[in-house]
Amino acid sequence: MLTTQQMQEEILRLKKEKDFCILAHAYQTHDIVEIADFVGDSFGLSQQAQNAPQQNILMCGVRFMAETAKILSPNKRVILSHPNAGCPMAEQLTLDELKALREQYPDHAVVAYINTTSALKTLCDVCVTSASALKIVKQIPQKKIIFIPDCNLGAWIAEQVPEKEFVFIEGGCPIHTRITEKDVLRAREQHPNALLLVHPECVAEVTRHADFAGSTTAIMSYVAKSDAKEFVIGTDNSIVSHLSFDFPDKKFYKLSKICVCHDMRLTTLADVYNCLNDNGGEEIVLDGQTRKGAKRCIDNMLAYGG
Ligand code: 13P
Ligand code: SF4
């Protein structure tokens, strides 16, 4: 039986020997973050992997992230660290439901959050990330937009782009929507000097109180640049632990104790070790039509500077 440190050392040796680039979404645990080549938000990781010299990519995250990596790097082998790690929100809408929406609103552009399956992306006009959504929605020529699948991220954008009309579906991230306005009021009372930083996947009643709303990496960069000493964090609680490691002279508090994405927690350090030994994970295979259709949606985002 290996200790954590021995397993990490073995992983670092194996990834070199087997030509792997390891990607870790920022919601992964610290032991995985420590052995990753890149740590970051969902789309940034796939872009890093595209430019990396390795022929094999191990995505420690959830399925749509591994699919995005495969779309950008079709000639590389992409492995998802745990076959059951999915983002429930990415699958909230079926292809038939999206087709029906398109028929109901034929003059609307369909904007897809990156947290969607590659199959859904084939039916959309443009992708957005939480970091780029505002910029892209402002630029697209259509005034009317169907925004899928996150109605909370969508509402956050809509409030800042009042000149456009939006259609949303019900749903959202089952983890971020656990955070309530009551949590905000309690945190403000307990930590009156702390800044409140939240992910825009939170509900409007929470986001409207925030000092800053942004993607996982935007939240971390905000802390790095801020002179403030205390922060309440409204996103997956792994970010509180990473920030505490990175900024030991600052204080970080969880906005909600139950903001934990269990899909992100499925991957363990032992899974990473097993994947590198060809003994776990799942290789992502996309048919040519799906890959091309989904890539068009991502390329459109990049064309708008996303
Ligand atoms: P980021 O793009 O901010 O990393 O968000 C991905 C995600 O799933 C947040 O819940
Ligand atoms: Fe999906 Fe929410 Fe988990 Fe992010 S936190 S991967 S949006 S379920």
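The values are calculated or read from the model by the stated rules, or taken from the named source; none is laboratory data. In this text the structure is predicted, and so the values were computed from the model without any measurement. Note that each Cβ is placed from the backbone with ideal geometry, even for glycine, and that neighbours are counted across all protein chains shown.
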Members of the range 127-154 found to be in a strand (DSSP E or B) and either within 16 Å of ligand 1 (Cβ to nearest atom) or free of Cβ contacts under 8 Å to residues at least 24 places away in the same chain (or both), listed by number: Cys127, Val128, Phe147, Ile148
Residue match in the range 40-47 (condition: among the aliphatic types (A, V, I, L, M) and crowded, with 24+ Cβ neighbours inside 10 Å): yes
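For residues that are in a helix (DSSP H, G or I) and not hydroxyl-bearing (Ser, Thr, Tyr), scanning just the range 103-119, find the one that is farthest from ligand 2 (Cβ to nearest atom).
Glu103
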Residue check for Thr122: among the β-branched types (Val, Ile, Thr), loosely packed, with under 14 Cβ neighbours inside 10 Å and away from ligand 2 (no atom under 16 Å from the Cβ): no
Pair list, Cβ < 8 Å and 6+ apart or interchain, from the range 1-29 residues that are of a type in the set (Phe, Trp, Tyr) to residues that are surrounded by 15 or more Cβ atoms within 10 Å (Cβ to Cβ) and modelled with pLDDT under 95: Tyr27/Thr216
Test: residue in the range 277-288 that is small (Gly, Ala, Ser), buried (at least 19 other Cβ atoms within 10 Å of the Cβ), over 24 Å from Glu34 (Cα atoms) and modelled with pLDDT of 95 or more: no
Any hit, the range 88-103, residues being in contact with a Leu (Cβ under 7 Å, 6 or more places away or on another chain) and under 20 Å from Ser215 (Cα atoms): no
Within the range 185-250, helices (runs of 4 or more DSSP H) holding 1 or more residues that are out of contact with any Cys (no Cβ under 7 Å at 6 or more places or on another chain), under 19 Å from Ile157 (Cβ atoms) and more than 16 Å from ligand 2 (Cβ to nearest atom): 204-207, 216-225
